[in-house]
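Shown next, in structure tokens, is the structure this report addresses.
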Amino acid sequence: MLPPIIGYCDPLRGRPGDTINFHISSADGLPFDARLVRVICGDPNPAGPGLRMDAVPSAVEGRHDGKAQSVPIGSCARAPLPALGDAGAMVLILNLRPTRLDTDLRAIASLQDEAGRSVLAVALEGRRLVLVLRRQGEESRTVTGLELDIGAWHSLGLGFSHGRSAVVVELARLDQRRGMREVRRQVLQLAGEVGMSQWTQVAFAAIWAGKPTASFNGQIERPALRRGLEPRLAETGGALGVPVEDALALWDFSGAIDEQRFPERLGHGDGVLVNVPTRAVRGSNWDGSELCWRHAPAHYGAIHFHDDDLADCQWEPGASFAIPPDLESGIYALEVQNAQGRDTIPFFVLPARDGPKKPIAVLASTFTYLAYANHARGNFEGGLKARAAAWGAYPWNSDEVPDFALSTYNYHSDGSGVSLSSRLRPIMTMRPGYLTFDDQRGSGLRHFPADTHLVAWLHRKGYDFDIVTDEDLDDDGVAAIAGYQVVVTGSHPEYHTERSLNALQDYREAGGHFAYLGGNGFYWRIGRRGDLPHMIEIRRAESGIRAWACRVGEYYQQLDGAYGGLWRRNDRPPQMLAGIGFAIQGLYEGSYYRRTAESRDPAMSWLFEGVGGDILGDYGLFGGGAAGFELDQVSEPLGTPAGTVVVARSAGHGPSFQLAPEEILTHTLALTTSPGVEAHMVLGTPPGEGAFFASGSITFIGSLSHNGDDNDVSRILDNVLRRFLSLPAG
């Protein structure tokens, strides 16, 4: 069941003069009230600073008409058909690899009209191959007596003629080393005659009815229409062997792999993809001789479709907000409420492009928020759900509402990893008050609501700052942050494109000062395209802490052709930017730091002004301590700048904390880092470059508010910002 009211915005950020559209679904078409708020703190823990969202008068405030809107989930491919009036008998032929077999109807291919009322489709019900015939919307199904195997490549041919009910079906297993196995053949009578006159298109992996229906899970390769009634699979060796001279249409899935189209090689018009299915995947002929699809696209001529792909909900806007010229940069949200519920839809306001900038830029890790968007962890039922209710926290969770597609930390329904994520859908994890863990020592926050702890602290301390997002770095490069005295990150800036990472590196090397206040940052490389600005892609290749792993040979991203996976495996370790990089992970538990002897150097005295003892951060709302969950360390072999000083090391971590897999050579030997279970808090002042401070821990900013901001973690960050703001910047 969908929440009674929920929505998303597009774009996710804007400047004065831009318009943010809010796409809202309101149950039963109920009208809703809207108001603009500024998000200061997104932590609902009554033991913390508390949720704070300040009302902002605006033109969007008031009553709006509501509309219930459906979710067009599932991917497919669509292409126009050539004129078939005088074609006579013909064969639809393709290769396929089913990856999920269930009892629902799953359409492999559908020759049809625009509305899906006149259809001839070949489909699966479990392992059984069935034929679907629709005429004037009336449907009949014919069981072929043929069955497919999950995870195996097959070639399929369906021969038919206009005005006749007799069809010929052939099916054969494909083996890359042994070739085609025995061809199984059936001659069948459909419940009615095939009628082509109303067909205008072909759909692959679904029956199109204004959106994908009967969505197929699996891979499809090189579909074609050829002349004749007999499929002749044994003669052609499958879909890859269809001769051009016999073809009526040839749809080439190995072309334009980085785009949302696919060429038709006989000039009948390119096809389009719906909901961004997974491309750059191995075809039936992949033999391991090439691992990059750009070098051998013919080996990557398959598309992997899923019934839970979702690139764009395509909801109509329910409200719009034109950002006024005097609205201060910050995190804002539209609160919407109908008679049954409420939602809060956040967005980011940047400063005017040609206007003055504040001294500090806070980097909103929007790529990371998107990578984790709607992460279903399987932990909501029980204590976490009860806590959310008791605290008045955000009540919805992807464990219970999977309708808006899941995160890149989840699996598709067929068991393959989710590699693509879109922001054109409701993102429940990106809401003020969203709880991730049932943290008995704190609030259990991650990502967007966690990062509001930094924003709230800056407000309380009176710092002037602007918001900049990852998308800005990717779109505008270093120009997005040029002119700021200091750039500050939140708790987990994990995902970056090449352009966004270059922007940060260029900024610091040109003299800008940088405060990295998280852990496991700048870790994964992602792909993003200018014509799909709402999408990111991650290929979890070969190494790293991974929720799933790519199939061998599928390490190169479809959106940009780049080698995916860790930035470290692209020769861009995080240590090059901020002195430290991911090394240790454990449970969502926080501990403390202990100052080092090096921190006693008089040159470091400013950093610890007002700090009393050696123990730092043995408190906090993220796991109970400032050093926890994911920990970073220095490593000179990985690029830590010379002269970087470790001013504190964490201690007291539990047995769950272990070395990251990319650091393990043997059971006794680490590759580059200290095998010690500790976070490194560092300060760096490379000659001719900007200074940097890094906390080395995801949970660091959760300690800022302790004791009304009167604590050592708060004082250290205060000292860092005041110092960096006093230094000359590039």
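The condition (being in contact with a Ser or Thr (Cβ under 8 Å, 6 or more places away or on another chain), among the small types (G, A, S) and surrounded by fewer than 23 Cβ atoms within 10 Å (Cβ to Cβ)) is satisfied by just one residue among G415, G462, G477: G415. Reported count of residues in the stretch 505-527, each being touching a residue at least 60 places away in the same chain (Cβ under 8 Å) and buried (at least 24 other Cβ atoms within 10 Å of the Cβ), is 13.
Conditions tested, residue by residue: (1) touching a helix residue (DSSP H, G or I) at 6+ places or on another chain (Cβ under 6 Å); (2) of a type outside the set (A, V, I, L, M); (3) under 19 Å from Q505 (Cα atoms).
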position: G625; (1), (2), (3): no, yes, no
position: E630; (1), (2), (3): no, yes, no
position: G643; (1), (2), (3): no, yes, yes
position: T666; (1), (2), (3): no, yes, no
position: V677; (1), (2), (3): no, no, no
position: G688; (1), (2), (3): no, yes, yes
position: S703; (1), (2), (3): yes, yes, no
position: N707; (1), (2), (3): no, yes, no
position: I716; (1), (2), (3): no, no, no
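Scanning the stretch 628-637 for residues that are in contact with a strand residue (DSSP E or B) (Cβ under 6 Å, 6 or more places away or on another chain) and either surrounded by fewer than 21 Cβ atoms within 10 Å (Cβ to Cβ) or of a type outside the set (S, T, N, Q) (or both) yields G628, F629, E630, L631, D632, V634. For R539, the stated conditions do not hold, so it cannot be described as outside any loop (DSSP other than H, G, I, E, B), within 30 Å of P277 (Cβ to Cβ) and in contact (Cβ under 8 Å) with a residue 24 or more places away in the chain.
Scanning the stretch 684-702 for residues that are farther than 22 Å from E589 by Cβ and within 32 Å of the chain's Cα centre (by Cα) yields a count of 4.
All told, P346 falls short of being touching a Ser or Thr at 6+ places or on another chain (Cβ under 8 Å) and at pLDDT 95 or above. Evaluate the stretch 96-113: report whether one residue or more is among the β-branched types (V, I, T), out of contact with any Phe, Trp or Tyr (no Cβ under 9 Å at 6 or more places or on another chain) and either outside the structural domain of T278 (by TED's automatic domain parsing) or buried (at least 23 other Cβ atoms within 10 Å of the Cβ) (or both). No, there is no match, as no residue in the stretch 96-113 is among the β-branched types (V, I, T), out of contact with any Phe, Trp or Tyr (no Cβ under 9 Å at 6 or more places or on another chain) and either outside the structural domain of T278 (by TED's automatic domain parsing) or buried (at least 23 other Cβ atoms within 10 Å of the Cβ) (or both). Going through (1) closer than 30 Å to S416 by Cα; (2) in a loop (DSSP other than H, G, I, E, B); (3) out of contact with any helix residue (DSSP H, G or I) (no Cβ under 6 Å at 6 or more places or on another chain) one by one, W286 falls short only on (3). Each residue in the stretch 623-665 was checked for being among the hydrophobic types (A, V, I, L, M, F, W, C), in a strand (DSSP E or B) and under 28 Å from the mean Cα position of the chain (by Cα), and 5 of them qualify. Taking the stretch 450-472 as the range and being under 20 Å from P16 (Cβ atoms) and assigned to a helix (DSSP H, G or I) as the test, the residues that pass are V455, E471, D472. For the stretch 568-606, a residue qualifies if it is surrounded by fewer than 24 Cβ atoms within 10 Å (Cβ to Cβ) and either of a type in the set (G, A, S) or in a loop (DSSP other than H, G, I, E, B) (or both), and the qualifying residues are D571, R572, P573, G586, T596, A597, S599, D601, A603, S605.
Counting only residues that are surrounded by fewer than 24 Cβ atoms within 10 Å (Cβ to Cβ), under 16 Å from L148 (Cβ atoms) and either touching a Leu at 6+ places or on another chain (Cβ under 9 Å) or not assigned by TED's automatic domain parsing to the domain that holds S284 (or both), the stretch 176-227 holds 6 of them.
Taking the numbered list (1) hydrophobic (A, V, I, L, M, F, W, C); (2) within 37 Å of the chain's Cα centre (by Cα); (3) more than 24 Å from G126 (Cα to Cα); (4) assigned to a loop (DSSP other than H, G, I, E, B) in turn, L229 passes all entries but (2).
Looking at R232, R294, just one residue is surrounded by fewer than 23 Cβ atoms within 10 Å (Cβ to Cβ), out of contact with any Ser or Thr (no Cβ under 9 Å at 6 or more places or on another chain) and on the phi > 0 side of the Ramachandran plot, and that residue is R232.
The values are calculated or read from the model by the stated rules, or taken from the named source; none is laboratory data. Please read all numbers here as calculations on a predicted model, not as lab measurements. Cβ atoms come from the backbone with ideal geometry, glycine included; neighbour counts cover every protein chain shown.
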